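Student: Here it is, the structure in full.
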Amino acid sequence: MTSVTQTRSYSAMIVEDSRLGRVELKSQLTQIPNITLVAEAENLAQARDALAHHQIDVIFLDINLPDGNGFDLLTELLPAPKVIFTTAFEQYALDAFENNAVDYLLKPITQTRLAQACEKLSLSLALEETKTSATSPMTMEERFFVKDGTQCWLIPLSNVERFEAMGNYTQVHFEDKHPMLNRTLAQIEKRLPENHFFRISRSFVVQLDKITAVQPCSSGALELTMESGAKVEVSRRQTSLFKGRFAL
């Protein structure tokens, strides 16, 4: 279940001992729309200070600096921001990539080569954010994409009445639609906000705000009437948890 988010800007810092080099790179970065320069430093001491005061997504890092080596800075940062090395020396390239560098730019840096490096950066950060968002709860305002046959929907999570397990698939019940999603119910449940959704049985997760009536069953379980008129049963195991959730 993939939620829809907007591309964001990434904060950057330049670490470069040459004033002219900083000015030139700063000018080039203004041509990269999703990179925002928030700090610059001419040595490691200034870089450390900037990192203490700014949230940095990427460092454009020179290697030979007046008070040390650019690699020294990386060993101090856990976790380290993304790094794009900017240097006049080819011999450090292997070390750079062993330190998970996004790219290694040799001076003089062309605008084309800088743009390519920033594209790699965007892909790398977007992948990390996707991995994080794939395990973090969605908000009720977020939408998710469903394709079932030839039909497609962008469904606001708030519109979903219930999710129903169908083997390795899940049926999404919203409005008068019932498309299939290529995810298990357990996978989907991990993404749902707990204060809005509840797992009532092995087969169903329901949105609590879509429940219109609750009736006891002779088995000791509960029967829920949903906004659509559908009736679903809370398993005996989940009934006590359901009751406890709404107890005064």
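Student: Residue check, residue 172 against (1) modelled with pLDDT under 90; (2) touching a Leu at 6+ places or on another chain (Cβ under 6 Å); (3) aliphatic (A, V, I, L, M), all met but one. Which one?
Tutor: Residue 172 satisfies every listed condition except (1).
Student: How many residues does the stretch 199-224 hold that are within 11 Å of residue 161 (Cα to Cα) and either open to solvent by less than 60 Å² (accessible area, probe 1.4 Å) or of a type in the set (Gly, Ala, Ser) (or both)?
Tutor: Residues meeting the conditions: 7.
Student: Moving on. Restricting attention to the stretch 107-124, which residues are open to solvent by 70 Å² or more (accessible area, probe 1.4 Å) and of a type in the set (A, V, I, L, M)?
Tutor: Selection gives 123 alone.
Student: Right, something else. Within the stretch 73-94, work out how many residues are part of a helix (DSSP H, G or I) and either at pLDDT 85 or above or open to solvent by less than 40 Å² (accessible area, probe 1.4 Å) (or both). Step through it out loud before you land on a result.
Tutor: Taking the stretch 73-94 and keeping what is part of a helix (DSSP H, G or I), we get 73-76, 90-94.
Filter once more, keeping what is either at pLDDT 85 or above or open to solvent by less than 40 Å² (accessible area, probe 1.4 Å) (or both): 73-74, 90-94.
Number of matching residues: 7.
Student: Show the residue pairs meeting these rules: Cβ distance below 7 Å; 6+ apart or different chains; first residue within the stretch 10-27 and farther than 17 Å from residue 66 by Cβ and at pLDDT below 95; second residue outside any strand (DSSP E or B) and among the polar types (S, T, N, Q).
Tutor: 10/34
Student: Also, quick follow-up: For the subset of the stretch 154-184 comprising residues that are in a loop (DSSP other than H, G, I, E, B) and closer than 18 Å to residue 199 by Cβ, which member is least open to solvent (accessible area, probe 1.4 Å)?
Tutor: Per the stated criteria, the residue is 184.
Student: Against the condition crowded, with 18+ Cβ neighbours inside 10 Å and touching a Pro at 6+ places or on another chain (Cβ under 6 Å), how does residue 56 come out, does it pass?
Tutor: yes
Student: What's the number of the condition residue 151 fails, among (1) within 30 Å of residue 230 (Cα to Cα); (2) open to solvent by less than 90 Å² (accessible area, probe 1.4 Å)?
Tutor: Here residue 151 meets the rest and fails (2).
Student: Moving on to the next point. Got a number for residues in the stretch 28-61 being over 19 Å from residue 112 (Cα atoms) and free of Cβ contacts under 8 Å to residues at least 60 places away in the same chain?
Tutor: 19
The values are calculated or read from the model by the stated rules, or taken from the named source; none is laboratory data. Values in this document were obtained by computation on a predicted structure and should not be read as measured data. Glycine also receives a Cβ, built like all others from the backbone with ideal geometry; neighbour counts cover every protein chain displayed. Ligands, DNA and RNA are stripped out before the accessible areas are found, and what is left, the full protein with its side chains, is counted by its heavy atoms. Shrake-Rupley method; radii C 1.70, N 1.55, O 1.52, S 1.80 Å.
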